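For reference, the structure is listed below as C-alpha coordinates.
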Amino acid sequence: MIIVMKPGAPREEIDRVMEKIEKIGLVAHPIFGARRTVIAAIGDKHGRNLDDLQASPGVERVVPILAPYKMASLEVHEEKSTVKVDGFSFGGTRVGVIAGPCTVENEEMLIETAKFVKSQGAVALRGGAFKPRTNPYSFQGLEEEGLRLLARAREETGLAVVTEVISASQVDLVSKYADVLQVGARNMQNYLLLQAVGQQQKPVLLKRGMSATLDELLFAAEYILMSGNQNVILCERGVRTFEDHTRNTLSIATVPALRERTHLPVIVDPSHATGRASLVPSVSYAAVAAGADGLIVEVHPHPDEALVDGAQSLDFPSFQKMMRGLARVAQAVDRSL
Ligand code: PEP
Ligand code: MN
(Lines give C-alpha, C1' and ligand atoms only; values in the text may rest on other atoms or scores of the structure.)
(Ligands and ions follow the chains in the order given, each with its own letter.)
Protein backbone atom coordinates (compact mmCIF):
# COMPACT_ATOMS: atom_id res chain seq x y z
CA MET A 1 0.00 0.00 0.00
CA ILE A 2 1.21 3.51 -0.62
CA ILE A 3 0.30 6.70 1.11
CA VAL A 4 0.43 9.59 -1.33
CA MET A 5 1.12 12.83 0.48
CA LYS A 6 -0.26 16.15 -0.75
CA PRO A 7 2.21 18.23 -2.79
CA GLY A 8 4.37 20.20 -0.40
CA ALA A 9 3.30 18.29 2.73
CA PRO A 10 5.73 19.35 5.47
CA ARG A 11 8.25 16.98 7.00
CA GLU A 12 6.34 16.79 10.31
CA GLU A 13 3.24 15.44 8.54
CA ILE A 14 5.36 12.88 6.69
CA ASP A 15 6.99 11.81 9.96
CA ARG A 16 3.62 11.51 11.68
CA VAL A 17 2.27 9.25 8.93
CA MET A 18 5.43 7.12 9.12
CA GLU A 19 5.02 6.75 12.87
CA LYS A 20 1.42 5.62 12.39
CA ILE A 21 2.46 3.07 9.77
CA GLU A 22 5.07 1.61 12.11
CA LYS A 23 2.59 1.60 14.98
CA ILE A 24 0.16 -0.61 13.11
CA GLY A 25 2.97 -3.08 12.45
CA LEU A 26 3.99 -2.19 8.90
CA VAL A 27 7.35 -0.89 7.69
CA ALA A 28 7.40 2.65 6.26
CA HIS A 29 9.69 3.57 3.36
CA PRO A 30 9.45 7.21 2.28
CA ILE A 31 10.22 8.06 -1.34
CA PHE A 32 10.87 11.75 -1.76
CA GLY A 33 9.90 12.96 -5.24
CA ALA A 34 10.40 16.34 -6.83
CA ARG A 35 6.73 17.29 -6.35
CA ARG A 36 5.48 15.08 -3.59
CA THR A 37 6.42 12.37 -1.16
CA VAL A 38 4.91 8.93 -1.18
CA ILE A 39 5.34 6.46 1.62
CA ALA A 40 5.34 2.75 0.90
CA ALA A 41 3.85 0.77 3.81
CA ILE A 42 5.15 -2.76 3.48
CA GLY A 43 3.91 -5.81 5.35
CA ASP A 44 0.77 -7.83 5.83
CA LYS A 45 -2.03 -5.33 6.28
CA HIS A 46 -4.61 -8.01 6.93
CA GLY A 47 -6.75 -7.06 9.92
CA ARG A 48 -5.05 -3.68 10.43
CA ASN A 49 -7.08 -0.55 10.84
CA LEU A 50 -5.96 1.83 8.15
CA ASP A 51 -8.67 4.50 8.64
CA ASP A 52 -6.34 6.56 10.76
CA LEU A 53 -3.86 6.91 7.93
CA GLN A 54 -6.38 8.22 5.47
CA ALA A 55 -7.45 10.88 7.97
CA SER A 56 -3.91 12.06 8.81
CA PRO A 57 -2.98 15.66 7.98
CA GLY A 58 -1.13 15.93 4.67
CA VAL A 59 -2.41 12.64 3.25
CA GLU A 60 -3.98 12.83 -0.18
CA ARG A 61 -4.88 9.16 -0.66
CA VAL A 62 -4.06 5.65 0.42
CA VAL A 63 -3.83 3.17 -2.45
CA PRO A 64 -2.98 -0.50 -2.72
CA ILE A 65 0.10 -1.44 -4.76
CA LEU A 66 -0.73 -4.26 -7.12
CA ALA A 67 2.80 -4.93 -8.41
CA PRO A 68 4.57 -7.63 -6.41
CA TYR A 69 7.72 -5.49 -6.13
CA LYS A 70 6.40 -2.50 -4.26
CA MET A 71 9.20 0.00 -4.13
CA ALA A 72 10.63 -0.62 -7.58
CA SER A 73 7.21 -0.33 -9.17
CA LEU A 74 5.96 2.57 -11.25
CA GLU A 75 2.82 2.48 -9.14
CA VAL A 76 4.67 3.86 -6.15
CA HIS A 77 6.63 6.44 -8.08
CA GLU A 78 5.06 7.60 -11.31
CA GLU A 79 7.91 9.84 -12.34
CA LYS A 80 11.15 8.26 -13.48
CA SER A 81 13.66 8.45 -10.68
CA THR A 82 17.15 9.74 -11.20
CA VAL A 83 20.30 8.40 -9.62
CA LYS A 84 23.10 10.90 -9.12
CA VAL A 85 26.63 9.76 -9.77
CA ASP A 86 28.87 12.72 -9.03
CA GLY A 87 27.40 15.54 -11.09
CA PHE A 88 25.61 13.23 -13.53
CA SER A 89 21.99 12.06 -13.20
CA PHE A 90 21.16 8.64 -14.62
CA GLY A 91 17.50 8.69 -15.63
CA GLY A 92 17.51 12.34 -16.69
CA THR A 93 17.55 13.64 -20.26
CA ARG A 94 21.21 12.85 -20.80
CA VAL A 95 22.46 9.39 -21.69
CA GLY A 96 25.41 8.41 -19.48
CA VAL A 97 28.24 6.28 -20.83
CA ILE A 98 30.32 4.33 -18.32
CA ALA A 99 33.46 3.03 -20.01
CA GLY A 100 36.72 1.34 -19.17
CA PRO A 101 38.47 -1.99 -19.11
CA CYS A 102 36.84 -5.20 -17.98
CA THR A 103 39.51 -5.51 -15.34
CA VAL A 104 42.03 -3.19 -13.73
CA GLU A 105 45.34 -4.59 -15.00
CA ASN A 106 47.90 -1.95 -14.05
CA GLU A 107 48.13 1.77 -13.39
CA GLU A 108 49.35 2.78 -16.81
CA MET A 109 46.60 1.14 -18.84
CA LEU A 110 43.94 2.26 -16.41
CA ILE A 111 44.92 5.93 -16.41
CA GLU A 112 45.43 5.93 -20.16
CA THR A 113 41.97 4.45 -20.67
CA ALA A 114 40.35 6.76 -18.13
CA LYS A 115 41.80 9.85 -19.78
CA PHE A 116 40.71 8.69 -23.20
CA VAL A 117 37.14 7.75 -22.34
CA LYS A 118 36.75 11.00 -20.42
CA SER A 119 37.97 12.98 -23.44
CA GLN A 120 35.24 11.29 -25.49
CA GLY A 121 32.43 12.15 -23.08
CA ALA A 122 32.20 9.16 -20.72
CA VAL A 123 30.69 10.10 -17.35
CA ALA A 124 32.24 7.29 -15.31
CA LEU A 125 35.07 4.77 -15.41
CA ARG A 126 34.39 1.05 -15.12
CA GLY A 127 36.95 -1.55 -14.08
CA GLY A 128 36.82 -4.71 -12.02
CA ALA A 129 39.16 -5.14 -9.07
CA PHE A 130 37.34 -8.18 -7.69
CA LYS A 131 36.35 -10.40 -10.60
CA PRO A 132 33.70 -13.13 -10.32
CA ARG A 133 35.36 -15.55 -12.75
CA THR A 134 33.58 -18.64 -13.99
CA ASN A 135 36.91 -20.47 -14.15
CA PRO A 136 38.76 -20.47 -10.81
CA TYR A 137 42.13 -20.54 -12.64
CA SER A 138 41.37 -17.29 -14.52
CA PHE A 139 42.78 -13.95 -13.33
CA GLN A 140 40.78 -12.95 -10.26
CA GLY A 141 41.61 -9.24 -10.26
CA LEU A 142 44.04 -7.01 -8.37
CA GLU A 143 41.63 -6.73 -5.42
CA GLU A 144 42.39 -3.83 -3.06
CA GLU A 145 45.35 -2.70 -5.15
CA GLY A 146 42.92 -2.47 -8.08
CA LEU A 147 40.61 -0.30 -6.00
CA ARG A 148 43.52 2.00 -5.15
CA LEU A 149 44.35 2.34 -8.84
CA LEU A 150 40.73 3.17 -9.62
CA ALA A 151 40.82 5.89 -6.97
CA ARG A 152 44.03 7.23 -8.57
CA ALA A 153 42.31 7.31 -11.95
CA ARG A 154 39.46 9.30 -10.40
CA GLU A 155 41.97 11.79 -8.96
CA GLU A 156 43.61 12.17 -12.36
CA THR A 157 40.46 12.52 -14.44
CA GLY A 158 37.56 13.41 -12.15
CA LEU A 159 35.62 10.41 -13.47
CA ALA A 160 33.39 8.56 -11.03
CA VAL A 161 34.41 4.94 -10.43
CA VAL A 162 32.08 1.98 -11.04
CA THR A 163 33.41 -1.32 -9.74
CA GLU A 164 32.05 -4.68 -8.73
CA VAL A 165 31.58 -5.99 -5.23
CA ILE A 166 31.27 -9.77 -5.07
CA SER A 167 30.55 -10.43 -1.43
CA ALA A 168 28.66 -8.83 1.43
CA SER A 169 31.79 -8.89 3.59
CA GLN A 170 33.58 -6.61 1.10
CA VAL A 171 30.94 -3.91 0.78
CA ASP A 172 32.66 -1.62 3.31
CA LEU A 173 36.02 -2.00 1.60
CA VAL A 174 34.74 -1.46 -1.95
CA SER A 175 32.54 1.48 -0.97
CA LYS A 176 35.57 3.22 0.51
CA TYR A 177 36.95 3.55 -3.03
CA ALA A 178 34.01 3.29 -5.44
CA ASP A 179 31.37 5.83 -6.42
CA VAL A 180 29.01 3.13 -7.70
CA LEU A 181 28.90 -0.46 -6.47
CA GLN A 182 28.26 -2.97 -9.22
CA VAL A 183 26.43 -6.19 -8.42
CA GLY A 184 27.20 -8.56 -11.26
CA ALA A 185 25.02 -11.02 -13.13
CA ARG A 186 26.38 -13.95 -11.13
CA ASN A 187 25.33 -12.28 -7.90
CA MET A 188 21.94 -10.86 -8.84
CA GLN A 189 20.25 -13.28 -6.47
CA ASN A 190 22.84 -13.11 -3.69
CA TYR A 191 20.35 -11.69 -1.23
CA LEU A 192 22.83 -11.02 1.56
CA LEU A 193 24.91 -8.98 -0.87
CA LEU A 194 21.81 -7.11 -2.09
CA GLN A 195 20.91 -6.25 1.50
CA ALA A 196 24.46 -5.19 2.28
CA VAL A 197 24.66 -2.79 -0.67
CA GLY A 198 21.20 -1.58 0.33
CA GLN A 199 22.44 -0.69 3.79
CA GLN A 200 24.89 1.88 2.49
CA GLN A 201 24.14 4.91 0.36
CA LYS A 202 26.47 4.69 -2.66
CA PRO A 203 24.49 4.05 -5.87
CA VAL A 204 24.22 0.43 -6.97
CA LEU A 205 24.44 -0.83 -10.54
CA LEU A 206 22.46 -4.05 -10.55
CA LYS A 207 23.04 -6.34 -13.51
CA ARG A 208 20.46 -8.81 -14.71
CA GLY A 209 21.31 -12.41 -13.92
CA MET A 210 22.04 -14.53 -16.95
CA SER A 211 18.90 -16.62 -16.47
CA ALA A 212 16.77 -14.08 -14.62
CA THR A 213 13.37 -12.86 -15.76
CA LEU A 214 12.51 -9.17 -15.56
CA ASP A 215 10.40 -9.84 -12.48
CA GLU A 216 13.35 -11.53 -10.80
CA LEU A 217 15.55 -8.54 -11.65
CA LEU A 218 12.98 -6.21 -10.12
CA PHE A 219 12.69 -8.38 -7.00
CA ALA A 220 16.48 -8.19 -6.66
CA ALA A 221 16.25 -4.39 -6.92
CA GLU A 222 13.51 -4.48 -4.31
CA TYR A 223 15.90 -6.07 -1.80
CA ILE A 224 18.24 -3.10 -2.18
CA LEU A 225 15.45 -0.51 -2.02
CA MET A 226 13.90 -2.16 1.04
CA SER A 227 17.21 -2.12 2.82
CA GLY A 228 17.24 1.68 2.61
CA ASN A 229 19.13 2.58 -0.55
CA GLN A 230 17.02 4.26 -3.24
CA ASN A 231 19.90 4.72 -5.66
CA VAL A 232 19.57 1.71 -7.92
CA ILE A 233 20.40 1.59 -11.62
CA LEU A 234 19.28 -1.53 -13.51
CA CYS A 235 21.48 -3.02 -16.20
CA GLU A 236 20.40 -5.35 -19.01
CA ARG A 237 23.39 -7.41 -20.20
CA GLY A 238 21.73 -10.24 -22.09
CA VAL A 239 20.71 -13.70 -20.95
CA ARG A 240 21.79 -17.18 -21.85
CA THR A 241 19.90 -18.90 -24.65
CA PHE A 242 20.55 -21.65 -27.21
CA GLU A 243 21.95 -18.99 -29.53
CA ASP A 244 25.74 -19.02 -29.74
CA HIS A 245 26.67 -16.37 -32.27
CA THR A 246 26.83 -13.88 -29.40
CA ARG A 247 28.07 -14.43 -25.85
CA ASN A 248 24.58 -13.76 -24.49
CA THR A 249 21.27 -12.87 -26.11
CA LEU A 250 20.19 -9.29 -25.65
CA SER A 251 16.55 -8.39 -25.93
CA ILE A 252 16.30 -4.69 -26.71
CA ALA A 253 12.63 -4.91 -25.72
CA THR A 254 13.81 -5.23 -22.12
CA VAL A 255 14.45 -1.51 -22.03
CA PRO A 256 10.90 -0.31 -22.81
CA ALA A 257 9.45 -3.29 -20.93
CA LEU A 258 11.28 -2.25 -17.77
CA ARG A 259 10.18 1.31 -18.38
CA GLU A 260 6.57 0.12 -18.20
CA ARG A 261 7.15 -1.48 -14.81
CA THR A 262 9.68 0.55 -12.91
CA HIS A 263 10.77 4.11 -12.21
CA LEU A 264 14.42 3.06 -11.87
CA PRO A 265 16.97 4.11 -14.52
CA VAL A 266 17.90 1.37 -17.00
CA ILE A 267 21.22 1.02 -18.79
CA VAL A 268 22.55 -1.60 -21.21
CA ASP A 269 25.88 -3.45 -21.32
CA PRO A 270 26.52 -4.16 -25.02
CA SER A 271 29.93 -5.72 -24.29
CA HIS A 272 28.86 -8.68 -22.15
CA ALA A 273 25.63 -8.91 -24.16
CA THR A 274 27.45 -9.62 -27.42
CA GLY A 275 30.98 -10.72 -26.52
CA ARG A 276 32.17 -9.19 -29.81
CA ALA A 277 33.59 -5.70 -30.23
CA SER A 278 32.31 -5.42 -33.82
CA LEU A 279 28.71 -5.70 -32.59
CA VAL A 280 29.00 -3.26 -29.70
CA PRO A 281 28.35 0.04 -31.55
CA SER A 282 25.16 -1.15 -33.30
CA VAL A 283 23.77 -2.66 -30.12
CA SER A 284 24.60 0.54 -28.24
CA TYR A 285 22.73 2.64 -30.79
CA ALA A 286 19.73 0.31 -30.55
CA ALA A 287 19.76 0.51 -26.76
CA VAL A 288 19.74 4.29 -26.74
CA ALA A 289 17.06 4.39 -29.44
CA ALA A 290 14.96 2.07 -27.25
CA GLY A 291 15.20 4.49 -24.34
CA ALA A 292 18.19 3.32 -22.30
CA ASP A 293 19.45 5.88 -19.80
CA GLY A 294 23.03 4.84 -20.36
CA LEU A 295 25.53 2.20 -21.37
CA ILE A 296 28.40 0.41 -19.68
CA VAL A 297 31.04 -0.41 -22.28
CA GLU A 298 34.38 -2.19 -22.17
CA VAL A 299 37.26 -0.23 -23.67
CA HIS A 300 40.93 -1.24 -23.69
CA PRO A 301 44.00 0.47 -25.20
CA HIS A 302 45.10 -2.87 -26.73
CA PRO A 303 42.19 -5.33 -26.73
CA ASP A 304 44.37 -8.11 -28.15
CA GLU A 305 46.54 -7.93 -25.03
CA ALA A 306 43.69 -7.63 -22.50
CA LEU A 307 43.83 -10.04 -19.56
CA VAL A 308 40.05 -10.40 -19.61
CA ASP A 309 37.36 -9.91 -22.26
CA GLY A 310 39.60 -8.55 -25.02
CA ALA A 311 37.30 -9.85 -27.77
CA GLN A 312 34.45 -7.64 -26.63
CA SER A 313 36.53 -4.57 -25.73
CA LEU A 314 36.54 -1.56 -28.05
CA ASP A 315 39.87 -0.01 -28.92
CA PHE A 316 40.20 3.77 -28.68
CA PRO A 317 39.36 4.65 -32.32
CA SER A 318 36.26 2.41 -32.24
CA PHE A 319 35.09 3.97 -28.97
CA GLN A 320 35.60 7.45 -30.37
CA LYS A 321 33.60 6.60 -33.49
CA MET A 322 30.84 5.02 -31.44
CA MET A 323 30.51 8.06 -29.18
CA ARG A 324 30.00 10.28 -32.23
CA GLY A 325 27.31 7.96 -33.55
CA LEU A 326 25.65 7.76 -30.15
CA ALA A 327 25.36 11.53 -29.93
CA ARG A 328 23.34 11.49 -33.14
CA VAL A 329 21.10 8.62 -32.03
CA ALA A 330 20.52 10.29 -28.67
CA GLN A 331 19.50 13.49 -30.39
CA ALA A 332 17.04 11.60 -32.59
CA VAL A 333 15.21 10.39 -29.47
CA ASP A 334 15.28 13.78 -27.72
CA ARG A 335 18.20 12.92 -25.47
CA SER A 336 21.80 14.05 -25.42
CA LEU A 337 25.07 12.52 -24.35
C1 PEP B 1 31.40 -7.03 -15.61
O2 PEP B 1 30.69 -6.08 -15.96
O3 PEP B 1 32.58 -6.91 -15.31
C4 PEP B 1 30.80 -8.39 -15.54
C5 PEP B 1 31.46 -9.39 -14.96
O6 PEP B 1 29.61 -8.49 -16.14
P7 PEP B 1 28.38 -9.48 -15.82
O8 PEP B 1 28.22 -9.50 -14.34
O9 PEP B 1 27.24 -8.84 -16.56
O10 PEP B 1 28.76 -10.81 -16.41
MN1 MN C 1 34.09 -8.15 -18.75
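What's the number of the only condition in (1) crowded, with 24+ Cβ neighbours inside 10 Å; (2) within 16 Å of ligand 2 (Cβ to nearest atom) that residue 220 fails to meet?
Tallying (1) crowded, with 24+ Cβ neighbours inside 10 Å; (2) within 16 Å of ligand 2 (Cβ to nearest atom), residue 220 fails exactly one: (2).
When residues of region 1-45 are filtered for being of a type in the set (Asp, Glu), assigned to a loop (DSSP other than H, G, I, E, B) and at pLDDT 90 or above, how many remain?
Here is the first cut: in region 1-45, the residues of a type in the set (Asp, Glu) are 12-13, 15, 19, 22, 44.
Filter once more, so that each one left must be assigned to a loop (DSSP other than H, G, I, E, B): 44.
Among the residues that remain, those that are also at pLDDT 90 or above are: none.
Counting residues in region 1-45 that are of a type in the set (Asp, Glu), assigned to a loop (DSSP other than H, G, I, E, B) and at pLDDT 90 or above gives 0.
When you look at residue 107, is it away from ligand 2 (no atom under 13 Å from the Cβ) and under 22 Å from residue 304 (Cα atoms), yes or no? Quick ask: steps written out before the conclusion?
Working: away from ligand 2 (no atom under 13 Å from the Cβ): yes; under 22 Å from residue 304 (Cα atoms): yes.
In short, yes.
Counting only residues that are touching a residue at least 60 places away in the same chain (Cβ under 8 Å) and within 14 Å of ligand 1 (Cβ to nearest atom), which one in region 178-214 is nearest to residue 134 (Cα to Cα)?
185
Return the pairs, sorted by first residue and then second, in which the second residue is within 14 Å of ligand 1 (Cβ to nearest atom) and assigned to a loop (DSSP other than H, G, I, E, B), the first residue lies in region 88-108 and is among the hydroxyl-bearing types (Ser, Thr, Tyr), the beta carbons are less than 6 Å apart, and the residues are 6+ apart or on different chains.
Listed pairs, sorted by first residue: 103/131; 103/141; 103/307; 103/308.
All but one of (1) within 16 Å of ligand 2 (Cβ to nearest atom); (2) within 28 Å of residue 293 (Cβ to Cβ); (3) at pLDDT 95 or above hold for residue 132; which doesn't?
Exception for residue 132: condition (3).
Considering 333, 283, which residue is in contact (Cβ under 8 Å) with a residue 24 or more places away in the chain, out of contact with any strand residue (DSSP E or B) (no Cβ under 9 Å at 6 or more places or on another chain) and under 22 Å from residue 91 (Cβ atoms)?
Values: 283 fails: out of contact with any strand residue (DSSP E or B) (no Cβ under 9 Å at 6 or more places or on another chain).
When all the criteria are applied, what remains is 333.
The values are calculated or read from the model by the stated rules, or taken from the named source; none is laboratory data. Please read all numbers here as calculations on a predicted model, not as lab measurements. Cβ sites come from the backbone with ideal geometry, for glycine too, and all protein chains shown count toward neighbours.
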